[in-house]
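**Q** There's a structure below that I have some questions on.
The values are calculated or read from the model by the stated rules, or taken from the named source; none is laboratory data. These numbers were taken from a predicted model, which means no experiment stands behind them. Don't worry about glycine lacking a Cβ; one is built from the backbone with ideal geometry, like all the others, and counts go over all protein chains shown.
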Amino acid sequence: MKPLFAPPLMGKHMLFLFVAFFGVILAVNGILIYLSLSTWTGLEQEDAYKDGLNYNQTLEARQRQAELGWQNTLSAQFQDNGAVILTTRFVDQGGAPLEGLQVVAELRRPTQEGFDQTLDLLSRGQGEYGARTVLPLAGQWQVRLTAQRGASEVFRSESRIWTR
């Protein structure tokens, strides 16, 4: 006849269960720590603290940009060979094309580091500026445009494009 209950756990059984339980917890924590330190940090900018301290200057720059009244449209043409042609058009408050701007586009990969590009967009006339580049990865890209005429007239905009 078999006993209805299992034999009681003795000291060495409890020690084994105790060590195994905490061993599993330590192993999982170690794996999570390794993965968190070896993957992308998720930081979009290097020094967010200083940017926060300069917030009033950022607000003033936005106010100056609003007073300029410039507007832009961004388009992206995707070619079969993986190239993309970025084109932007700038107009003033009255809709007249803006000429003589220095336009720079920063293409940033929001989910991975190491693929960002900076392009100088060249004037094509009638307020249109453009450049061609090859993006190494398909998916979402953030385009930060900076247009400048002189030292005080600065325009910034952000857009997103998706590649195939």
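**Q** Out of all the residues in segment 32-82, which are farther than 20 Å from PHE155 by Cα and modelled with pLDDT of 90 or more?
**A** The answer is LEU32, ILE33, TYR34, LEU35, GLN77.
**Q** Looking at segment 81-97 only, could you name the residues that are more than 21 Å from ALA66 (Cβ to Cβ) and not in a loop (DSSP other than H, G, I, E, B)? So that I can check it myself, show each step before the final result.
**A** Step one: filter segment 81-97 for residues more than 21 Å from ALA66 (Cβ to Cβ), giving 81-87.
Hits for segment 81-97 are ALA83, VAL84, ILE85, LEU86, THR87.
**Q** Follow-up. Checking the structure you have, find out if any residue of segment 142-163 is among the aromatic types (Phe, Trp, Tyr) and over 28 Å from GLN57 (Cβ atoms). Don't jump to the end; show me each part of the working.
**A** To start, the set of residues in segment 142-163 that are among the aromatic types (Phe, Trp, Tyr) comprises 155, 162.
Then drop every residue that is not over 28 Å from GLN57 (Cβ atoms), which leaves 162.
Within segment 142-163, one or more residues are among the aromatic types (Phe, Trp, Tyr) and over 28 Å from GLN57 (Cβ atoms).
**Q** Quick one: count up the residues across segment 51-67 that are more than 19 Å from GLY94 (Cα to Cα) and free of Cβ contacts under 8 Å to residues at least 60 places away in the same chain.
**A** Taking segment 51-67 as the starting set, the residues that turn out to be more than 19 Å from GLY94 (Cα to Cα) are 51-62.
Cutting the leftovers down to free of Cβ contacts under 8 Å to residues at least 60 places away in the same chain gives us 51-60, 62.
Total satisfying the criteria: 11.
**Q** On to the next question. So, restricting to strands (runs of 3 or more DSSP E) that lie completely within segment 98-157, which ones have at least 3 residues that are in contact (Cβ under 8 Å) with a residue 12 or more places away in the chain, within 20 Å of ILE85 (Cα to Cα) and polar (S, T, N, Q)?
**A** 117-125, 139-149
**Q** Being closer than 24 Å to GLU113 by Cβ and among the aliphatic types (A, V, I, L, M) is the filter here; which residues of segment 35-87 pass it?
**A** LEU35, LEU37, LEU43, ALA48, LEU74, ALA76, ALA83, VAL84, LEU86 - these are the residues of segment 35-87 that are closer than 24 Å to GLU113 by Cβ and among the aliphatic types (A, V, I, L, M).
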